[in-house]
Amino acid sequence: MSAKRVLIFDSGVGGLSVYEQIIKVNPTIKCHYLFDNAYFPYGELPREKLIKRITQLLTDFIKEYPTDLIVIACNSASTIALEDLRQHFSIPIVGVVPAIKPATLVTNNNIIGLLATPGTIERVYTTALINEFAADKTVLRIGSTKLVKLAEDKLMGKFLLQSDFEEILAPWIKDEENMPDTLVLGCTHFPLLKQEISACFTRSICLVDSGEAIAMRVQKLLKLEKEVSDLALQSHQAFYTQAFSNQIHLSALHKRFIDYGFMKLSLCNI
């Protein structure tokens, strides 16, 4: 029996937070990770341009590297393009959405903070999620592209200033009376920054993301056994779409991908 093949796709490295959960639940799958740094960040792209770009890129990639399932490990791409992608491809596609519903189950003070990109914050889809699952809660929103870039910097080994995080989260930090006790990390980059985000708050805070739910969905769709089978653990490969001008940053990023269990990180020649 051959290993199931899963493609994890994002505009950047945020999807590694999803990959980490997927591989923990499904250790015998073979993963390809593709990030589209040529068009990073996706949250700032017009809708039609984003759909066209992702559809063509994934079509070309899976011709070269066949896959059994695609994970769109990007909230912006999922909320905009998921339905179009499912109509275009015949294989299962799993997307990510802000974990509003799980957050409502763990909040104690009924104040939830949604931390996402500006595009995700403003989308009708996000408002519909809040109205459906958190109508009786207070949901505060902060949209930040800078946090996405900080996560990318962290994976490249750059030094991060805690003051940058405190500045972004200032509206919640300064209002202790209405401070959320639960944060929804509505971008796959943000779980990579859990330590820095938590350090901004003087009280304990619960951070919620979609990683585990996605991992379980992958398991169900591929009909994988919960226990580790006789299949050997797989070697994973990662690809990017545009050459890095800074070789030091590329070397640091390559090392981090190896730390995550990838065999190599290469430029995607498609």
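A few points about this structure:
- Scanning the range 123-136 for residues that are outside any helix (DSSP H, G or I) and open to solvent by 20 Å² or more (accessible area, probe 1.4 Å) gives ARG123, ALA135, ASP136.
- Against the numbered list (1) touching a Pro at 6+ places or on another chain (Cβ under 9 Å); (2) at pLDDT below 90, LEU185 comes up short only at (2).
- In the range 146-187, the residues that are among the basic types (Lys, Arg) and closer than 10 Å to GLY113 by Cβ: none
Results for (1) open to solvent by 30 Å² or more (accessible area, probe 1.4 Å); (2) charged (D, E, K, R); (3) touching a strand residue (DSSP E or B) at 6+ places or on another chain (Cβ under 8 Å), shown as yes or no for each residue.
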residue	(1), (2), (3)
LEU169	no, no, yes
TRP172	no, no, yes
GLU177	yes, yes, no
ILE197	no, no, yes
LEU222	no, no, yes
ALA238	no, no, yes
ALA243	yes, no, yes
ASN246	yes, no, no
PHE257	no, no, yes
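Okay, residues lined up against (1) in contact with a Gly (Cβ under 6 Å, 6 or more places away or on another chain); (2) outside any helix (DSSP H, G or I); (3) closer than 15 Å to MET216 by Cα:
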residue: PHE9; (1), (2), (3): no, yes, no
residue: VAL13; (1), (2), (3): no, yes, no
residue: ILE22; (1), (2), (3): no, no, yes
residue: PRO27; (1), (2), (3): no, yes, yes
residue: TYR33; (1), (2), (3): no, yes, no
residue: LYS49; (1), (2), (3): no, no, no
residue: GLN56; (1), (2), (3): no, no, no
residue: PHE61; (1), (2), (3): no, no, no
residue: THR67; (1), (2), (3): no, yes, no
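- Verdict on VAL139 being of a type in the set (A, V, I, L, M, F, W, C), touching a Pro at 6+ places or on another chain (Cβ under 9 Å), surrounded by 22 or more Cβ atoms within 10 Å (Cβ to Cβ) and not in a strand (DSSP E or B): no
- Here is the figure for the range 1-53: residues that are more than 20 Å from PHE262 (Cβ to Cβ) and among the acidic types (Asp, Glu) total 2.
- Candidate set: the range 22-69, residues that are of a type in the set (S, T, N, Q) and modelled with pLDDT of 95 or more; chosen: the one most open to solvent (accessible area, probe 1.4 Å): GLN56
- Test: residue in the range 212-235 that is at pLDDT 90 or above and not in a helix (DSSP H, G or I): no
The values are calculated or read from the model by the stated rules, or taken from the named source; none is laboratory data. Since the model is a prediction, treat every value here as computed from it, not as a measurement. Please note: Cβ atoms are built from the backbone with ideal geometry, for glycine as well, and neighbour counts cover all protein chains shown. The accessibility values were calculated without ligands, DNA or RNA, using every heavy atom of the protein model including side chains. Shrake-Rupley method; radii C 1.70, N 1.55, O 1.52, S 1.80 Å.
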